[in-house]
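Okay, structure first, notes after.
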Amino acid sequence: MEFKQFVFYFFATVLVFAAAMVITVRNPVKAALFLVLAFFSAAGVWLLLQAEFLAITLVLVYVGAVMVLFLFVVMMLDINLVRLREGFGEYLPIGGLVAVLLVLEMAIVLASGQFGPERMPEPAALPADYSNTRALGRQIYTVYAYPFEIAALILLVAIVAAITLTLRRRKDTKYQDPGKQIRVNRNERVRLVKMRAEKKT
Amino acid sequence: MTELALSLWSWFPGWSQIALLNLGKIVLIIAPLLLAVAYLTFAERKVIGYIQVRIGPNRVGPRGWLQPIADGVKLLLKEVIVPTNANKFLFVSAPVLTFVPAIVAWAVIPFTDTIWLTDIDAGLLFILALTSMGVYGVIVAGWASNSKYAFLGAMRSAAQIVAYEIAMGFALVGVLMAAGSLNLREIVHAQAGGLHHWYFLWLFPLFLVYFISGIAETNRAPFDVAEGESEIVAGFHVEYSGMAFAIFFLAEYANMILISALTAVMFLGGWLSPLDGLLSPGVLAIPVLGGLLGGGIHWLLAKITFLLFCFVWFRATFPRYRYDQIMRLGWKVFIPVTLVWIAVIGAAKFLTPWGFPPLH
């Protein structure tokens, strides 16, 4: 077995194992940590495909930011596992039906012969100075500039919507204005009181 | 003797030669790094001591020079206590999770034009991805400890790192726009030509944002709310003892050295001499002086040392930030500053005839 093949099978095994653990492990924090492992292994597989920009961005965005926030939320939740498992029997038939349907659909699509290895020849080897990042940037900012901008705008709308949904100003909260705090001078805070010295009687 | 060594060497198969060579290079990087980490703890205690008109450690060895070794031996011999109901696997792996990214990132740092372990095209992204992973050790440690104080520290750290990560990333976007490359070696080359070409001048706001975010990211004072001795005992590592604690400690200092090295490479011209391009070849040909004044690894080390001194200096100077002030600084000051400067760079580069930086 070639070394590259060994690396692929290693990452793929870890990926499948971690993905299975995400849905089977009982503790939600452990599930989130297994999801991190799954992202990491997926990044390894992408690196083998010479997609170094996507692989590193996957680690940067999902492992470095999204999953941190996710863990943050999951750790704060006080999840009662007994109550969570109460309705398991009721949902099993519907959930199972959806799962079977999904597997069936995937099997139909993948077995249709459209995705066989003979249909997709191995891409030609890239030159040594080929930069994934540069190629991707050129595509996004020239050919696909408008779709990219539209996607960015939609995300912006989502951000604004999320903030407006959660933003509520309570009247009893005290806000600070750092600019005002810095601009303050002595006369506003300290009052010099003239007093006569007391005399002993 | 050399012939014997060479014949022994050729006896290894080709793939193992490459592996052994790289292993040797890795040891050559990591061994001095760990020594530097050990002596950075000593330097910190000495410098803070002198700033506070004390002497600092001076009992172990001549003038206290063996202090870090004594500390290490002491921590090594102490018991590692795992709290009841703690998740043992995560509890033990958390210190490793903080330490590993700080070491791995050195793989892409160029020490000079010719000395580096790897020279990858997406070096900057690699660094950014790795530095963002250090937070997992803190979060996992806080959660696995099964302790309220540790958990509070982990939560604080997670929120803080997410906030400062974005500002840090935007600061690096500015560097990559100015240099036109993600490769760290090419970023240094783009700063060639003397002190006034270095990016800390042309990207001054980004330099400040990056370095301050770096201090926040390493959980150092004045951003050390994750530890906060006076508020939550020791934060995320309150339950750790012995060697497990020592690894957290080492990771903090290794991260400090890493952030200093990255700041030196990206904003202070890496291995380049400040007189680069100003000296005539005649001066550079002088045996010792020319080597010292020309570029080389000694300049990089000097810059790293200066930045590390700043880390210690800040710790001795500033009181700890309040938590809401940290958040305000990260989200409301740093991110707008970086965004504005990125727009300025873009406009200068493509709308003015001089480009950016306007020197060539």
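Numerical summary
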{"quantity": "Residues (more than 9 Å from chain A (Cβ to nearest Cβ) and of a type outside the set (Val, Ile, Thr)) located in region B:120-141", "calculated": "B:Gly123, B:Leu124, B:Gly134, B:Gly137, B:Ala141"}
{"quantity": "Check on B:Ala254, surrounded by 24 or more Cβ atoms within 10 Å (Cβ to Cβ), closer than 24 Å to B:Ala302 by Cα and of a type outside the set (S, T, N, Q)", "calculated": "yes"}
{"quantity": "Those residues of region B:99-155 which are of a type in the set (Val, Ile, Thr) and either on the phi > 0 side of the Ramachandran plot or in contact with an Asp or Glu (Cβ under 7 Å, 6 or more places away or on another chain) (or both), in sequence order", "calculated": "B:Thr131"}
{"quantity": "Criterion (part of a helix (DSSP H, G or I), closer than 22 Å to B:Lys303 by Cβ and not small (Gly, Ala, Ser)) met by exactly one of B:Ile247, B:Ile187", "calculated": "B:Ile187"}
{"quantity": "In region B:307-333, the residues that are surrounded by 18 or more Cβ atoms within 10 Å (Cβ to Cβ) and under 15 Å from A:Pro178 (Cα atoms)", "calculated": "B:Tyr321, B:Ile326, B:Leu329, B:Gly330"}
{"quantity": "A:Tyr91, sole failed condition from (1) within 14 Å of another protein chain (Cβ to nearest Cβ); (2) loosely packed, with under 14 Cβ neighbours inside 10 Å", "calculated": "(1)"}
{"quantity": "Selection within region A:128-185 - assigned to a helix (DSSP H, G or I) and aromatic (Phe, Trp, Tyr)", "calculated": "A:Tyr141, A:Tyr146, A:Phe148"}
{"quantity": "When residues of region B:143-161 are limited to those that are in contact (Cβ under 8 Å) with a residue 24 or more places away in the chain, at the interface with chain A (Cβ under 10 Å from one of its Cβ atoms) and closer than 18 Å to B:Tyr323 by Cα, the one most open to solvent (accessible area, probe 1.4 Å)", "calculated": "B:Ala159"}
{"quantity": "Of all residues in region B:99-119 being in a helix (DSSP H, G or I) and away from chain A (no Cβ under 14 Å), the one that is surrounded by the most Cβ atoms within 10 Å (Cβ to Cβ)", "calculated": "B:Ala102"}
{"quantity": "Of all residues in region B:1-60 being among the basic types (Lys, Arg) and in a helix (DSSP H, G or I), the one that is farthest from the other protein chains (Cβ to nearest Cβ)", "calculated": "B:Lys46"}
{"quantity": "Selection from region A:142-197 of residues that are at pLDDT 85 or above, open to solvent by less than 100 Å² (accessible area, probe 1.4 Å) and of a type in the set (Ser, Thr, Tyr)", "calculated": "A:Thr142, A:Thr164"}
{"quantity": "Residue, surrounded by the fewest Cβ atoms within 10 Å (Cβ to Cβ), within region A:124-141, restricted to residues that are more than 14 Å from chain B (Cβ to nearest Cβ) and closer than 26 Å to B:Leu124 by Cβ", "calculated": "A:Ala125"}
{"quantity": "Any pair with Cβ under 7 angstrom, 6 or more apart, that starts in region A:118-133 at a residue that is free of Cβ contacts under 8 Å to residues at least 60 places away in the same chain and ends at one that is open to solvent by less than 90 Å² (accessible area, probe 1.4 Å) and charged (D, E, K, R)", "calculated": "A:Ser131/B:Asp121"}
{"quantity": "Listing of helices (runs of 4 or more DSSP H) fully contained in region B:291-352 that carry 2 or more residues being free of Cβ contacts under 8 Å to residues at least 60 places away in the same chain, more than 14 Å from every other protein chain (Cβ to nearest Cβ) and touching a helix residue (DSSP H, G or I) at 6+ places or on another chain (Cβ under 7 Å)", "calculated": "B:297-317"}
{"quantity": "Among residues of region B:72-87, those that are over 17 Å from A:Met75 (Cα atoms) and open to solvent by 100 Å² or more (accessible area, probe 1.4 Å), counted", "calculated": "6"}
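Yes or no, residue by residue, for (1) under 22 Å from the mean Cα position of the chain (by Cα); (2) among the aliphatic types (A, V, I, L, M); (3) closer than 24 Å to B:Ala221 by Cβ:
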{"position": "B:Gly269", "(1), (2), (3)": "yes, no, no"}
{"position": "B:Ser273", "(1), (2), (3)": "yes, no, no"}
{"position": "B:Pro281", "(1), (2), (3)": "no, no, no"}
{"position": "B:Leu284", "(1), (2), (3)": "no, yes, no"}
{"position": "B:Gly294", "(1), (2), (3)": "no, no, no"}
{"position": "B:Ile297", "(1), (2), (3)": "yes, yes, no"}
{"position": "B:Thr305", "(1), (2), (3)": "yes, no, yes"}
{"position": "B:Phe311", "(1), (2), (3)": "yes, no, yes"}
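The values are calculated or read from the model by the stated rules, or taken from the named source; none is laboratory data. As the structure is a computational prediction, the values presented were derived from the model and not from experiment. Backbone-built Cβ (ideal geometry, glycine too); neighbour counts: all protein chains shown. These area figures cover heavy atoms from the full protein model, side chains too; ligands, DNA and RNA do not enter into them. Shrake-Rupley method; radii C 1.70, N 1.55, O 1.52, S 1.80 Å.
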